[in-house]
Amino acid sequence: MVTERERHSTLVKGARAGQPDAIAGLYDLYGKTVYGVALRLSNSETDAEDVVQDVFIGLGRSLASFEGRGSLEGWIKRVTARTALMRLRRQRARNEISIEVGLLASAASSESSPTDRLTLEQALAGLPDELRAVFVLKEIEGYSHREIGEMMGIQPGTSKIRLHRARRELQRSIEGTA
């Protein structure tokens, strides 16, 4: 019987070698996770789909840096976050950022009302990209400020400041709609 660890190892080796079946296997395992992270960071279904495509197309090359320490899922989430953040930077450089209300039901508690979730989604969509990215990575994905700093190319202290600002802006926005 093949263990999950052995299956992951086989898929990683195959993906590194460019085997489409191995990449498809990793997509089956992690496609929804990658999409969820990408959607929360990009705030656009279209951009999230593009990030998913970018992640899995480049997965064979990216896996060269995966050393097997930690979970494969955590590593793929970090790759997704970096890919989404790079896409946001490119869009900002071209002044083509479009703000759409994303789906953030997982960020709101299951006990909250649809109105509360919509208010949260709208408030989050209104944040500047750099504040929304830190908020999503810290509060929803659970990364440390050090990890966020590494992903975004900022200092951990800058991540803390941006999180504080994001929380303050979200509170103002939500209080303004109440």
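Testing residue 47 on (1) assigned to a helix (DSSP H, G or I); (2) among the acidic types (Asp, Glu); (3) more than 12 Å from the chain's Cα centre (by Cα), one condition comes back false. Which one is that?
(3)
Pull up the range 54-67, narrow it to residues that are exposed (fewer than 11 other Cβ atoms within 10 Å of the Cβ) and not aliphatic (A, V, I, L, M), then point me to the one that is nearest to residue 79 (Cα to Cα).
65
Of everything in the range 6-23, what is assigned to a helix (DSSP H, G or I) and either of a type in the set (S, T, N, Q) or surrounded by 15 or more Cβ atoms within 10 Å (Cβ to Cβ) (or both)? Give them in sequence order.
8, 9, 10, 11, 12, 14, 15, 16, 22, 23
Regarding the range 108-120, can at least one residue be identified that is at pLDDT 50 or above and within 26 Å of residue 54 (Cβ to Cβ)?
So far as the range 108-120 goes, no, none of its residues is at pLDDT 50 or above and within 26 Å of residue 54 (Cβ to Cβ).
Determine whether the range 26-45 contains at least one residue that is free of Cβ contacts under 8 Å to residues at least 24 places away in the same chain, of a type in the set (Gly, Ala, Ser) and not assigned by TED's automatic domain parsing to the domain that holds residue 138.
Within the range 26-45 (the criterion being free of Cβ contacts under 8 Å to residues at least 24 places away in the same chain, of a type in the set (Gly, Ala, Ser) and not assigned by TED's automatic domain parsing to the domain that holds residue 138), the answer is no, since none of the residues qualifies.
Does residue 103 fit the bill of being assigned to a helix (DSSP H, G or I), out of contact with any Gly (no Cβ under 8 Å at 6 or more places or on another chain) and either within 15 Å of residue 38 (Cα to Cα) or modelled with pLDDT of 50 or more (or both)?
Against the criterion (assigned to a helix (DSSP H, G or I), out of contact with any Gly (no Cβ under 8 Å at 6 or more places or on another chain) and either within 15 Å of residue 38 (Cα to Cα) or modelled with pLDDT of 50 or more (or both)), residue 103 does not qualify.
What is the residue count in the range 66-82 for residues that are at pLDDT below 85 and assigned to a helix (DSSP H, G or I)?
Qualifying residue count for the region: 0.
The values are calculated or read from the model by the stated rules, or taken from the named source; none is laboratory data. Note that this is a predicted model, so its numbers are computed, not measured. Virtual Cβ from ideal backbone geometry, glycine too; neighbours counted across all protein chains shown.
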